[in-house]
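Following: one structure in structure tokens, then a few remarks.
The values are calculated or read from the model by the stated rules, or taken from the named source; none is laboratory data. Because the structure is a prediction, the values reported are computed rather than measured. Every residue, glycine among them, receives a Cβ derived from its backbone with ideal geometry; neighbour counts consider all protein chains shown.
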Amino acid sequence: MSNEKQIQNKTPKKLRKFDTKVQLLKYKVLREVARHAYNDTLLESFNDIAKVIVKQKTPTMRCCIYKERAIVGERIKIATGGDKKNPNIIEVIDIACDGCPEGGYTVTEDCRGCIAHRCEDVCKRGAITFDEHQKAHIDKDKCVNCGQCAKVCPYTAIANHKRPCERACKIKAISTDEETRAAKIDYSKCISCGACVYQCPFGAIDDKSFILDVINMLKGSDNNNRYKTYAVVAPSISSQFSYAKIGQIIAGIKKIGFYSVVEAALGADMVAYSEAKELAEKGFLTSSCCPAFVNYIHKSFPTMVDKISHNLSPMGAIAKYIKDTDPTAKIVFIGPCTAKKMEIQQEPVKQYVDSVITFEELQAIIDSRDIDVTELEEDVLDNASYFGRIFARSGGLADAVTQALKEQGVPEEEFKLNAVSCDGIEECKKALLKASKNVLPNNFIEGMACVGGCIGGAGCLTHGDKDKRQVDAYGQEAYEKTIKDSIAALEKIGNRKIDE
């Protein structure tokens, strides 16, 4: 048995690097691409990587090893940047898609042929009929998937069968291609949150990787002599890499070639402070920190665009500060978010952030260099405040803005924060719908597209329930306890005022 298989199958779950074999396969591809990129052998080895990953003579995932290798070949393309003609981050690997059967509501074998016929009574489309045994059937041509029949069935015999990716996509951007039966993404709706990427059990939907850009950037710096490369890490790092200490991961990031590791939470402190000012002045705002949430407003609630905070996201804010201090610097954001890969393509941001990789991709790069981070001495992060670090979980931004208002001395009788923290895009939709109709009682919408906040992002190593207390505990470790102290410390290091 291979060492990788032993690690995946025998290591206690809490110590595993990944929680599914789909993630493990994705990681293997990224790791091999990174290894060859460092060794300048990617072009000549491009076709051999699939054989390295699919070594066995008998298939373990698909009908034959040739299809397995063909799918790995498509994964390699996405790992090296994907379809250059498609500007979107999320792509479907048609050959990997299982062509899930037609979804919608279906009567299962649990139907007892009762005589109450509640399902028929609630169906306004006349889609329910019965056979000679009183078993119910649904006419797909008439059914509109409202789900009323399922709600009233006394035996819960009516089930809603959807593609896993379609079920994961709460904004209904995924459907079925009528010709190929593969999943199809409507990019006019897609917000690049990546929920579908993790939920597809065949790994047929993936996010483009910028891993080659990052490796070329690190190599091109000539050990940071030509220019300095900065890694800006998301505060959700506190919920990742359970097999090692955070300080060892920071040391590992520097060991692969980064000059310095900076907390995005420092940018969060800056954003909280300026966002509190803007909110007090305008009286109502939606947050600007989650790019998927901001994208959702632009695509689905265009009348609310002018309500979005004019601040950059924490990533953009701290990157701007670094580049204003050192214009030659190269900056890579490392976090759990696939939507960040879209954010850096936008005009206000692309001048400050050079590339983005996820925690999954960071793990692949570290391992491609054969670095065992558990053997490294712990390094430290720049100290953001407690409030900057808790941006990683839902509700953290609202807490930080509350603190910022207090530190700025805004009297409650002058302005009192009444925030709604939206945990997931469905809650965001409800709040935005009310706000667009002027019936939302709150004056601040903290929008997080991923359930749980950033700690639930698609680019996380593991996707189980995250303990928000873990994020708060990490925040308590911050040396600077107030937002003002954090900003003052940063200004001292940069020898420049934040608002210059």
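Descriptive notes on the structure:
- Boolean, N443 is in contact with a Gly (Cβ under 7 Å, 6 or more places away or on another chain), among the polar types (S, T, N, Q) and touching a residue at least 60 places away in the same chain (Cβ under 8 Å): yes
- Scanning segment 351-373 for residues being within 15 Å of P336 (Cβ to Cβ) and either touching a Gly at 6+ places or on another chain (Cβ under 9 Å) or among the basic types (K, R) (or both) gives a total of 7.
- For segment 160-169, the criterion of being outside any loop (DSSP other than H, G, I, E, B), touching a residue at least 12 places away in the same chain (Cβ under 8 Å) and more than 21 Å from the chain's Cα centre (by Cα) is met by at least one residue.
- Residue, surrounded by the most Cβ atoms within 10 Å (Cβ to Cβ), within segment 318-374, restricted to residues that are of a type in the set (K, R) and assigned to a helix (DSSP H, G or I): K340
- Residues that are basic (K, R) and touching a helix residue (DSSP H, G or I) at 6+ places or on another chain (Cβ under 6 Å) do not occur anywhere in segment 311-324.
- Residue, surrounded by the most Cβ atoms within 10 Å (Cβ to Cβ), within segment 440-487, restricted to residues that are under 15 Å from F241 (Cβ atoms) and of a type in the set (A, V, I, L, M): I455
Each row is one residue, and each column tells you yes or no for (1) under 30 Å from G73 (Cα atoms); (2) in contact with a Pro (Cβ under 6 Å, 6 or more places away or on another chain); (3) aliphatic (A, V, I, L, M); (4) in the same structural domain as I78 (by TED's automatic domain parsing).
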site: D139; (1), (2), (3), (4): no, no, no, no
site: C153; (1), (2), (3), (4): no, no, no, no
site: I174; (1), (2), (3), (4): yes, no, yes, yes
site: Q199; (1), (2), (3), (4): yes, yes, no, yes
site: K228; (1), (2), (3), (4): no, no, no, no
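- Being at pLDDT below 95 and either in the same structural domain as S175 (by TED's automatic domain parsing) or out of contact with any His (no Cβ under 9 Å at 6 or more places or on another chain) (or both) is true of G99.
- For segment 28-49, the set of residues classified as surrounded by 22 or more Cβ atoms within 10 Å (Cβ to Cβ) and farther than 20 Å from I371 by Cα consists of I49 only.
- Residue check for Y38: modelled with pLDDT of 85 or more, touching a Phe, Trp or Tyr at 6+ places or on another chain (Cβ under 7 Å), aromatic (F, W, Y) and in the same structural domain as Y198 (by TED's automatic domain parsing): no
- Number of positions in segment 188-203 that are more than 17 Å from the chain's Cα centre (by Cα) and at pLDDT 95 or above: 1
- Condition met for D206 (under 17 Å from E74 (Cα atoms) and not small (G, A, S)): yes
- E343 passes every criterion in (1) at pLDDT below 95; (2) under 26 Å from L30 (Cα atoms) apart from (1).
- Only one entry in S288, S300, S309 is within 24 Å of the chain's Cα centre (by Cα) and surrounded by 23 or more Cβ atoms within 10 Å (Cβ to Cβ), namely S288.
- Segments classed as strands (runs of 3 or more DSSP E), wholly inside segment 85-159, with at least 2 members that are touching a strand residue (DSSP E or B) at 6+ places or on another chain (Cβ under 8 Å) and aliphatic (A, V, I, L, M): 90-92, 136-138
- Restricting segment 375-395 to residues that are in contact with a Leu (Cβ under 8 Å, 6 or more places away or on another chain), surrounded by 24 or more Cβ atoms within 10 Å (Cβ to Cβ) and of a type outside the set (A, V, I, L, M), the residue that is farthest from I455 (Cα to Cα): G388
- Summed over segment 436-484, the residues that are modelled with pLDDT of 90 or more, in contact with a Lys or Arg (Cβ under 6 Å, 6 or more places away or on another chain) and over 21 Å from T338 (Cα atoms) give a count of 1.
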